[in-house]
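Trainee: Here it is, the structure in full.
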Amino acid sequence: MYHRYHSQLVDMYRNLRHKPYFRPSLYVCIIFSSVYVLYHIAYSRPASNSLPFDFSEGFLPLEDVSEEVWAERANQVKLAFLHAYHGYERYALPHDELKPLTGGYQDNFNGWGVTLFDSLDTMLLLGFQNEYKRALPIVERATFELPEERHAPYFETVIRYLGGLLSAHAISKDPILLDKADELADKLDSVFNTPSGFPLFGVNPSSGSVVGPDIGVLAEMASLQMEYTMLAKSTGKKRWWDRANTVIRALANADLRYTGGMFPIKWNLTTAQPHDVHLSVGAQADSAHEYLLKQFLLTARTDKASLEMYLRATTHVIANLIYVSPTRHLLYVTDTDTSPYEKRATPSHNFEHLSCFFPGLLALGAHTLPLDNLESLGINFESLGSESKFGHAGKAYKLLSQYNLKDLHLWAAEGIAETCWLTYADMPTGLGPDEVTMYTEKRSEGYLWMDAMERWRASGSRGIPPGTGDKDPVVYTEQERLRGGNRRRDYAIRRKKYLLRPETLESLYIMWRVTGDSKWRNRGWRIFEALERHTKTPYGYASLRTTEVVPPSKEDDMPSYFLAETLKYLYLMFTNEDPISLDKWVFNTEAHPFPVFEWTEEEKERFSI
Ligand code: DMJ
């Protein structure tokens, strides 16, 4: 058989070789195949071929491994960063983001090269001086201009561009980075032309014209304090300090009677008062709660107003927004709304990937604050929830006072981080969906965590607290999935995409640093394996349309936060060093680390500290 085909091929070759088009066609074929092979060598594989891991072989067991293996894993993340950044540099720069399936680009954040700005401090941290040196002249040439009809989204511009510049400046001390940060803040400054001093949605940096409704969104108008105080500290300019301080004061003076001391999502930018009673730590709210604790830490624990607001927000969340699922006892944080016809807040029981930063925040607070001795900071916990100012909030303070507050925050952190991890481990891809809806015993009522905690306490606190402890993943078979699952997971998927988001890894990283328990780090590795297996493309890494099907289909999208946050937290989790100690640095919401301030007497006077 082989012989017959072989002689047929030889005959074919003899006939063709005398045709006039034979040689040119042969050369074209050789050139194309060489280009194809070289291309695949360059872009489909990690830069080093001496690596011990082959991601196509199946997941490695989740076991404790030596420091050498962790060092090699950290190195794998470095290679992943290079793969993503080189793809961006080659195919998308000077535009904003790479399209990782087609090698195209998109300008979705002003078109100033957001991925480059967002990646600067990660490059420095990972030791990629060449990439950094190539980036610096591009930063220097940036003019931050936009055509008349376009507006820069203020919040995204601050957390990605301004945050990236300030963090890279703090690490490298290159003066150009600070000059550019100052110039950018200057060009954005007209957003603050509101009676409240809260920023509007967007601004044209060339003309100063502003856009945005009078009703603002919490995360967008209250996540600038860190960047502006950092800018003030680095430049010495009081005007930036004042921008942050106006926002902090407005938040501290707001009427939170109807929301138990927690900030709702919608705010009136004229009156500086809440506009609704929708409470969440997820989309449109997240970083505003995050910045309360982080602002206190960044300012070397001088901004006490922010700390008090953090304690109020977390008390309300713990007492009212954290639930336990009926069968697996998964702990989750959801959002509540109150209809005008009903007095009782109704939980949605949705649990967002975005909310998975929250366990990390609680753990950071438990690590850095004297939660079990707030008196040492001059704070009386129960009086934080004064009835006259915060409606019925007092009940929550009395309830939480029955516990050691540090333990309570850490248990909540551990339980929610476990659920965030399980939403990854439950999927055949090993990557978590963007949003799930938890099942409840009755349709609208869930199992409030503090009710379960009270039962646990009444029973003499036997065993581990409800909602904590390790749980096994539940991976549906393909038949189960096609039948819509069989409720064993305790949740249904509401948004099935995985958008290369960082929040779960961020919390795993903080849990690892705070508890020292290597299970968190091991889980991070499992997620990295899944990222390598399912999201890598010849040009970079791509978001997934679904986490439930293998192989998953991809989207032509690689957000800049993948390099700024997702890969950074992975690297920090795996490296055996601790280059960004949680006691000395504070991450902005885009994972750009800022050093904790060391105040001089002169600065204290200038900023009235
Ligand atoms: C990031 O841009 C920031 O973390 C932001 O605060 C909200 N989430 C995205 C990534 O998911």
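The values are calculated or read from the model by the stated rules, or taken from the named source; none is laboratory data. Quick caveat: nothing in here was measured; it's all calculated off a predicted structure. Positions of Cβ are backbone-derived with ideal geometry, glycine not excepted, and every protein chain shown enters the neighbour counts.
Trainee: Does at least one position in segment 188-196 carry a residue that is part of a strand (DSSP E or B), surrounded by 24 or more Cβ atoms within 10 Å (Cβ to Cβ) and either of a type outside the set (A, V, I, L, M, F, W, C) or without any contact (Cβ under 8 Å) to a residue 60 or more places away in the chain (or both)?
Mentor: Scanning segment 188-196, I find no residue that is part of a strand (DSSP E or B), surrounded by 24 or more Cβ atoms within 10 Å (Cβ to Cβ) and either of a type outside the set (A, V, I, L, M, F, W, C) or without any contact (Cβ under 8 Å) to a residue 60 or more places away in the chain (or both), so the answer is no.
Trainee: Residue pairs, Cβ under 9 Å, 6 or more apart or interchain, first in segment 507-528 and under 17 Å from GLU67 (Cα atoms), second at pLDDT 95 or above and among the acidic types (Asp, Glu). List them.
Mentor: From residues that are under 17 Å from GLU67 (Cα atoms), the pairs are ARG513/ASP578; LYS519/ASP470.
Trainee: Determine whether VAL333 is away from the ligand (no atom under 16 Å from the Cβ) and either among the hydrophobic types (A, V, I, L, M, F, W, C) or at pLDDT below 95 (or both).
Mentor: no
Trainee: Identify all residues within segment 513-524 that are buried (at least 23 other Cβ atoms within 10 Å of the Cβ) and either farther than 29 Å from GLU414 by Cβ or hydrophobic (A, V, I, L, M, F, W, C) (or both); write none if there are none.
Mentor: Selection gives TRP520 alone.
Trainee: Looking for something within 16 Å of the ligand (Cβ to nearest atom), touching a helix residue (DSSP H, G or I) at 6+ places or on another chain (Cβ under 9 Å), assigned to a helix (DSSP H, G or I) and closer than 27 Å to ALA92 by Cβ - is there at least one such residue anywhere in segment 521-535?
Mentor: yes
Trainee: Looking only at segment 433-470, which residues are outside any helix (DSSP H, G or I) and either in contact with a helix residue (DSSP H, G or I) (Cβ under 6 Å, 6 or more places away or on another chain) or of a type in the set (Val, Ile, Thr) (or both)?
Mentor: ASP434, VAL436, THR437, THR440, ILE464, PRO465, PRO466, GLY467, THR468
Trainee: Being within 16 Å of the ligand (Cβ to nearest atom) and under 18 Å from ILE416 (Cα atoms) is the filter here; which residues of segment 495-512 pass it?
Mentor: Listed by number, the residues that qualify are ARG501, PRO502, GLU503, THR504, LEU505, GLU506, SER507, LEU508, TYR509, ILE510.
Trainee: Can you give me the number of residues within segment 298-334 that are in contact with a Gly (Cβ under 9 Å, 6 or more places away or on another chain) and part of a loop (DSSP other than H, G, I, E, B)?
Mentor: 5
Trainee: Which of the residues that make up segment 565-591 are more than 16 Å from the ligand (Cβ to nearest atom), in contact (Cβ under 8 Å) with a residue 40 or more places away in the chain and of a type outside the set (Val, Ile, Thr)?
Mentor: TYR571, MET573, PHE574, ASN576, ASP578, PRO579, LEU582, ASP583, listed by residue number.
Trainee: Among (1) within 13 Å of the ligand (Cβ to nearest atom); (2) surrounded by fewer than 16 Cβ atoms within 10 Å (Cβ to Cβ); (3) not aliphatic (A, V, I, L, M), where does PHE562 come up short?
Mentor: (2)
Trainee: Within segment 66-113, how many residues are of a type in the set (A, V, I, L, M, F, W, C), free of Cβ contacts under 8 Å to residues at least 24 places away in the same chain and either over 24 Å from ARG526 (Cα atoms) or in a loop (DSSP other than H, G, I, E, B) (or both)?
Mentor: Residues in segment 66-113 being of a type in the set (A, V, I, L, M, F, W, C), free of Cβ contacts under 8 Å to residues at least 24 places away in the same chain and either over 24 Å from ARG526 (Cα atoms) or in a loop (DSSP other than H, G, I, E, B) (or both): 1 in total.
Trainee: Here is a follow-up. Is segment 167-181 home to any residue that is assigned to a helix (DSSP H, G or I) and under 18 Å from the mean Cα position of the chain (by Cα)?
Mentor: yes
Trainee: Can you spot a residue in segment 124-137 that is more than 16 Å from the ligand (Cβ to nearest atom) and more than 23 Å from LYS568 (Cβ to Cβ)?
Mentor: Yes; the residues of segment 124-137 include at least one that is more than 16 Å from the ligand (Cβ to nearest atom) and more than 23 Å from LYS568 (Cβ to Cβ).
Conditions tested, residue by residue: (1) in contact with a helix residue (DSSP H, G or I) (Cβ under 7 Å, 6 or more places away or on another chain); (2) at pLDDT 95 or above.
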residue	(1), (2)
PRO340	no, no
LEU361	yes, yes
GLU387	yes, no
LEU400	yes, yes
TRP421	yes, yes
THR429	yes, yes
